[in-house]
Each structure stands twice: as structure tokens, then as C-alpha cells.
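Data first, discussion second: the structure below is written as C-alpha cells.
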Amino acid sequence: MLKHRFITIDGEAAHRETFKNSVFLAYARHTRTPDESARFLQILIQRHPDASHLCWAYRMGQQYRYSDGGEPSGTAGQPIYKAIEGQGLDFITVGVIRYFGGTLLGAGGLMRAYGGTASEALKKANRREEFPRIQIAVEVLFDQLGTLYRCLDSHHAEDRVEDYTERGVRVVCQLPTERAASFERHMRNATRDQFDLRYL
């Protein structure tokens, strides 16, 4: 579980550069999970079906990955990742599309093109401070549903998924990590301990 606050970006940012007739298009987006990152990269492929390459990197806490997307090893994915790391950002995916212009750039040229385009896209992005989140499952009886909703709202729960049980409702959601203890305490008091809470 993450214990620190981190800086990420709002929405999506993009930047375009041309190097010796090759066009590089960098897209950056805040992503929370590797699956979310994969969906974003799939969107980029759909936007640019005729591109020569899609190279990418993501960083999510202790998790990170990068891909050269068919370019020579070490010339694309790692420079993109270093652009993310160099700006102190987290929970970010950057994908860089290349349209080959007919001129070889060499290893150094590719590294500058991919890393530089990614870096410029990130510089354009609006930054925000975010708190680490934790996933919980909380179950209450039907007559405590209003209490649960009020408690979830006041503790900034996100990504809620509800499921009805024989006796009540089960909600899976994400809370800011630093609010988890307060949420549990409030639920305990408001329901007189008539609830079930699990950390996922």
C-alpha cells in the first residue's frame, strides 16, 4: 500500500514533434492500474492505425514498465520512462506514436526524439497532488444503506460498485488511504457495529 502523496496529471496531454521527417506524437494520461494503462494504449492504436511504432512507459508506485515498440532496444521505452521519472510524476502512462519519415535517426536520435517528445507532453499537462487510495468492501443491512451512503460521501469514496445480498447491500469502492481509519470509526458508531468491512 502506498504511504505517500504523489503528483500526477489531470486528464490527457499531448505534444507533436518532427525529427528528420519522422513525426512523433506523445500522449500522457493519469492511469491507476496496468489494465487502465493497456486500455489507454489500445485507444492510441485505434487513433493511429497506420503508425510505424507505438512506444510507451508507465509508472504506478512501485510498478513500472516500458516498451520499445519495435524500435532498437533501449531507444524508446526507457527514455519515455525517464521523462516520467525526471518530472517526479506517478500513476502516469505515456505513449509515443511515430510515423517514419524515411530517414534513420540512429540510437541517440531516437532516444532524444522519444524522450524529448514525452517530456514536452508532460510539461504541458496540468498537475495535481493526489493521495494514495485503498480498496474496501463494506456490507450493511438495508436499513443502514442511507448511513453508508452518507459515510462514503463524506470520506470521498470513488469507483463504487454495488451488489445486493440476501440481507442488504455490499459496496466495493476506493477510499483515500488516510481516511480509511476514520471511515471505519464513523461506520462503527453510526451503525452500532452492524456492518462488515474488509480491505481488499
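Odds and ends about this structure:
- Couplings for the range 89-106, taken from phi via the Karplus curve 6.51 cos²θ - 1.76 cosθ + 1.60 with θ = phi - 60°, read 9, 9, 6, 9, 10, 10, x, 10, 8, 10, 9, 5, x, x, 10, 6, 9, x Hz in order; Gly and Pro are left as x.
- Whole-Hz Karplus values for the range 184-190 come out as 4, 5, 5, 5, 4, 6, 6 Hz, taken residue by residue from phi with 6.51 cos²θ - 1.76 cosθ + 1.60 and θ = phi - 60°; glycine and proline positions read x.
- Of Ile80, Ile7, the sequence from fewest to most neighbouring Cβ atoms within 10 angstrom is Ile7, Ile80.
- Per-residue HN-Hα couplings for the range 175-183 [Karplus 6.51, -1.76, 1.60; θ = phi - 60°; Hz; x = Gly/Pro]: 10, x, 3, 6, 9, 4, 5, 5, 4
- C-alpha long axis of helix 145-154 to longest principal axis of the chain, angle in °: 40
Any read-out appearing in this document is the output of simple, stated calculations on the displayed coordinates, not a laboratory observation. The structure displayed is predicted, hence computed values, not measured ones. Note that each Cβ is placed from the backbone with ideal geometry, even for glycine, and that neighbours are counted across all protein chains shown.
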